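Notes follow the structure.
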Amino acid sequence: MSGISNPIGDVVSKLTPPLQEIISTAIKDNFDLVNLQEFKQVEEWIKESKLAPLNLDETFSSPTSSAVQGSYPTNVGLSKNIDSVFSGLANKIVVNLMQHVPSYFGQLLLDNIRIQTQGIKKSVKFDLEFTLDPIKPYVEFIKKINGVEVLKLKALFQIDSDVKMSDLGFLSDETERAVHLGNLFTHLKVSLLQFSGFHNAISVNQTKDLYEVDFEKDLSEIKLSL
């Protein structure tokens, strides 16, 4: 049985594989993204960068948390065709988003379970159903000449999720109050929310739904302290 002191790590380890598959499917080989002029522009930057790496600065932010920032330089290299360039670009976007999305998704999940279980007074088995706050990660593509930033494009994504949990067990005694998590059923949707250029000029401001799917995960080995 997982310890209750740090359940977020257990939740993240179980949610990371399905989340990575979902985000990868949403972004890789996506017709809407491939044909966006902004992505074609970034592809041109990559093809130009034979000698210098493309700088990819990725920042994860959400309406309910402090921003977590990181810089991830990468030398993608010259590819034979635009499809392979986009594939490498998509892979890098997925890697960057996965730096933060699973842990934030897991924290939102645990926070909502805590909220939903407030007021329970005795040991019971129960089900929960709720909608998580949208997660809004974004990736910035920055072109530099001689170390000077000359152009920046920002792709803002949104991940929406409806959650159902079954067979949760609430335990309460003189020493602790805790919930044994049950089976997680999630409806997840990944969208491109916005594409903006230098000086925050909006070039794409219409939500593009990229992928929508249901997935299930057994979290019954995880115990959440209240």
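Taken together, the values in this text are just the output of simple stated rules run on the coordinates, not laboratory data. Remember, it's a predicted structure, so these values are computed and weren't measured experimentally. Please note: Cβ atoms are built from the backbone with ideal geometry, for glycine as well, and neighbour counts cover all protein chains shown.
Numbers below:
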| item | result |
| --- | --- |
| Around Ser220: net Lys/Arg minus Asp/Glu count, Cβ-Cβ under 15 Å | -1 |
| Ranked Thr117, Thr175, Thr25, criterion: other C-beta atoms within 10 Å, fewest first | Thr175, Thr25, Thr117 |
| Calculated FRET value between Thr207 and Glu174, using beta carbons and R₀ = 41 Å, to 0.05 | 0.20 |
| Lys/Arg +1, Asp/Glu -1 at C-beta; segment 102-189 dipole; positive extreme among Asn146, Ser161, Gly119 | Asn146 |
| Long-range HN-HN contacts of Leu226 with modeled amide H, under 5 Å | Arg177, Ala178, Val179 |
| Set Lys14/Lys122; Lys154/Lys189; Lys154/Lys217; Lys14/Lys152; Lys28/Lys136; Lys47/Lys208 screened for pairs whose C-alpha atoms are more than 24 Å apart | Lys14/Lys122; Lys154/Lys217; Lys14/Lys152; Lys47/Lys208 |
| Radius of gyration and Dmax over the Cα atoms of segment 122-204, both given in Å | 21.6, 65 |
| Calculated from backbone phi, Karplus (6.51, -1.76, 1.60) coupling profile of segment 143-150 in Hz, x at Gly/Pro | 9, 10, 10, 6, x, 9, 5, 10 |
| Extended-chain gain in nm, criterion 0.36 nm per residue less alpha-carbon gap, Lys144 and Ser13 | 43.5 nm |
| FRET efficiency for Ile115 and Asp218, using Cβ-Cβ distance with R0 set to 22 Å, rounded to 0.05 | 0.45 |
